[in-house]
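The values are calculated or read from the model by the stated rules, or taken from the named source; none is laboratory data. No experiment lies behind these values; they were computed from the predicted model shown. Cβ placement follows ideal geometry from the backbone for every residue including glycine, while neighbour counts extend to all protein chains displayed. For accessibility, only protein heavy atoms count, side chains too; no ligands or nucleic acids. Shrake-Rupley method; radii C 1.70, N 1.55, O 1.52, S 1.80 Å.
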Amino acid sequence: MTETIEIDYLPALESRISKVDFSKMVFGKVYSDHMFVADYTKGQWKDFRIEPYDLLSFTPGSAILHYGQSVFEGLKAYRNDVGEILIFRPDKNAKRLNLSAERMCIPTLSEDLFMKGLTELIKKDKEWVPSLSGTSLYIRPYIFAMDEYIGIRPSETYKFIIFTCPVGAYYSKPLKVKIETEFSRSVQGGTGYAKAAGNYAGSLYPAKLAQKEGYDQLIWTDGVTHKYIEEAGTMNIMFVVGDKVLTATTNDTVLSGITRESVLTIARDWGIKVEERQVSVAEIVQALKAGEVKEAFGTGTAATITKIETIGYEGANFDLPVDDERSFSTRVLKELDDIRTGKKPDERGWVYKV
């Protein structure tokens, strides 16, 4: 049953859009005029509103500042050739936000509220959706604790916000990555499958060390043995070995990526062999040495499809081709772009038109 959701609207006094050069977009630096906000108090979500994007106010004792009880999502809106606004698979983001919230002891919210808030916000800031090739409107929904209390327990008050920002490419070039064998992103029984804020904070230091060695990002391995590949930086990772696409199965240490699932669905529809399983470091290194890895790439909402040009392991670097227009990653990126921007019919029900 669809719930009745009334949203108040306080417009920004003046739009900032005239000051934005959409031909020179840097990821995550420019924000649209408004944000959707809802508050959780006394056991329910209430006070739904769209208001100007602005500063938030916290007291020093706010729980979010001490214990990181926060989850978030990321998705994108695109403009098609006739000016309509299309959002890629937002229903999946709503479901995953609630999955993350449950793990972090945060109250879930209805998919109706998620979709209504998202839709009305995009309508209000529709002019912020860029139309240039390679650009989109990045959408960030998130929930965080608001109690002014530093005792360790779940907060009793929360805030849900959606804001947006026009963006270009997250990665501007193919990546040089290193297989991590010391630090861990997640362990079994942990929060790796959730988009929890702390997961990303904990990944920064190992990534910084890798960058000092000349790498752009890490390939994360399992936290117990470091024998099995899990993710790559902020993305899921895939390898094309021979005639197969290999990727780690999703579990409680691997985020179930929406782009990941979309890529695998397309691969299967194209008749390409897909293996979702434990992928060992030894297997990939051996295949790299034998020249059997045709390509490696990351998948994610922000990154979309990002090619990997070099994989480092125990002091050795293995280079991969990245400029083959016939490669699977190139073809699947074009397929995704064509679906998301309406250049191809949406035969799977993935596109939501605002």
>> If a residue must be open to solvent by 50 Å² or more (accessible area, probe 1.4 Å) and touching a Phe, Trp or Tyr at 6+ places or on another chain (Cβ under 9 Å), how many such residues does segment 201-225 contain?
In response: 2
>> Filter segment 186-229 down to the residues that are closer than 19 Å to K307 by Cα and part of a helix (DSSP H, G or I) and list them by number.
In response: A207, A210, Q211
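Just give me the residues in segment 51-72 being under 21 Å from N251 (Cα atoms) and either hydroxyl-bearing (S, T, Y) or buried (at least 22 other Cβ atoms within 10 Å of the Cβ) (or both), in sequence order.
S70, V71
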>> Pairs needed: first member in segment 284-295, closer than 12 Å to A316 by Cα; second member anywhere, open to solvent by 20 Å² or more (accessible area, probe 1.4 Å); C-beta distance under 6 Å; at least 6 residues apart or different chains.
In response: V285/Y313; L288/F318
> Here is a list of conditions, (1) more than 30 Å from G342 (Cβ to Cβ); (2) open to solvent by less than 20 Å² (accessible area, probe 1.4 Å); (3) of a type outside the set (G, A, S); (4) in a loop (DSSP other than H, G, I, E, B), and F183 meets all of them except one; can you say which number that is?
Replying inline: (2)
> List the pairs whose first member sits in segment 206-229 and is farther than 13 Å from R185 by Cα, whose second member is among the charged types (D, E, K, R) and open to solvent by less than 40 Å² (accessible area, probe 1.4 Å), and whose Cβ atoms are under 8 Å apart, counting only residues at least 6 apart or on separate chains?
Replying inline: A210/E180
> What residue, among those in segment 2-38 that are touching a Ser or Thr at 6+ places or on another chain (Cβ under 7 Å) and of a type in the set (D, E), is most open to solvent (accessible area, probe 1.4 Å)?
Replying inline: E3
>> Checking the structure you have, find out if any residue of segment 40-54 is among the hydrophobic types (A, V, I, L, M, F, W, C) and either outside any strand (DSSP E or B) or at positive phi (or both).
In response: no
>> Return the pair list, or none, for Cβ contacts closer than 6 Å from residues in segment 18-40 that are under 28 Å from D147 (Cα atoms) to residues that are acidic (D, E) and part of a strand (DSSP E or B), at least 6 apart or on different chains.
In response: D39/D47
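Does segment 153-170 hold any residues that are open to solvent by less than 50 Å² (accessible area, probe 1.4 Å), of a type outside the set (G, A, S) and part of a loop (DSSP other than H, G, I, E, B), and which are they? I'd like the intermediate steps shown before the answer.
Initially, segment 153-170 is screened for residues open to solvent by less than 50 Å² (accessible area, probe 1.4 Å), giving 155, 157-168.
Add one more test, that the residue is of a type outside the set (G, A, S), and what stays is 157-167.
Listed by number, the list holds a single entry, T157.
Among the candidates T59, T4, single out the residue that is touching a residue at least 40 places away in the same chain (Cβ under 8 Å), out of contact with any Phe, Trp or Tyr (no Cβ under 9 Å at 6 or more places or on another chain) and over 17 Å from C165 (Cα atoms). Let's see the steps before the verdict.
Working: T4 fails: touching a residue at least 40 places away in the same chain (Cβ under 8 Å).
None of the other options fit; the residue is T59.
Here's the yes/no breakdown for (1) surrounded by fewer than 19 Cβ atoms within 10 Å (Cβ to Cβ); (2) over 23 Å from the mean Cα position of the chain (by Cα); (3) acidic (D, E):
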{"position": "V274", "(1), (2), (3)": "yes, no, no"}
{"position": "A287", "(1), (2), (3)": "yes, yes, no"}
{"position": "D319", "(1), (2), (3)": "yes, yes, yes"}
{"position": "R326", "(1), (2), (3)": "yes, yes, no"}
{"position": "R331", "(1), (2), (3)": "yes, no, no"}
{"position": "L336", "(1), (2), (3)": "no, no, no"}
{"position": "G342", "(1), (2), (3)": "yes, no, no"}
{"position": "W350", "(1), (2), (3)": "no, no, no"}
> Can you pull out the residues in segment 81-106 that are assigned to a helix (DSSP H, G or I) and either of a type in the set (F, W, Y) or in contact with a Leu (Cβ under 6 Å, 6 or more places away or on another chain) (or both)?
Replying inline: P90, N93
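Does F114 satisfy the condition of being crowded, with 20+ Cβ neighbours inside 10 Å, free of Cβ contacts under 8 Å to residues at least 40 places away in the same chain and touching a Leu at 6+ places or on another chain (Cβ under 8 Å)?
On the way: crowded, with 20+ Cβ neighbours inside 10 Å: yes; free of Cβ contacts under 8 Å to residues at least 40 places away in the same chain: yes; touching a Leu at 6+ places or on another chain (Cβ under 8 Å): yes.
Judged against the criteria, F114 is a match.
Among K307, K273, which is more than 28 Å from F27 (Cα to Cα), in contact with a strand residue (DSSP E or B) (Cβ under 8 Å, 6 or more places away or on another chain) and basic (K, R)? Give the derivation first.
On the way: K307 fails: more than 28 Å from F27 (Cα to Cα).
From the options K307, K273, the qualifying one is K273.
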> Among the numbered criteria (1) more than 23 Å from T234 (Cβ to Cβ); (2) part of a strand (DSSP E or B), which single criterion is violated by T306?
Replying inline: (1)
>> Can you say whether L109 is outside any loop (DSSP other than H, G, I, E, B) and under 26 Å from K42 (Cα atoms), as far as the supplied structure shows?
In response: no
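Quick one: would you say T301 is open to solvent by 50 Å² or more (accessible area, probe 1.4 Å), within 17 Å of the chain's Cα centre (by Cα) and within 24 Å of K95 (Cβ to Cβ)?
Values: open to solvent by 50 Å² or more (accessible area, probe 1.4 Å): no; within 17 Å of the chain's Cα centre (by Cα): yes; within 24 Å of K95 (Cβ to Cβ): yes.
No, not satisfied.
Look at I87 and say whether it is buried (at least 18 other Cβ atoms within 10 Å of the Cβ) and more than 24 Å from T341 (Cα to Cα).
Details: buried (at least 18 other Cβ atoms within 10 Å of the Cβ): yes; more than 24 Å from T341 (Cα to Cα): no.
No, not satisfied.
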> When segment 64-92 is examined, which residues are found to be within 25 Å of the chain's Cα centre (by Cα) and of a type in the set (A, V, I, L, M, F, W, C)?
Replying inline: I64, L65, V71, F72, L75, A77, I85, L86, I87, F88
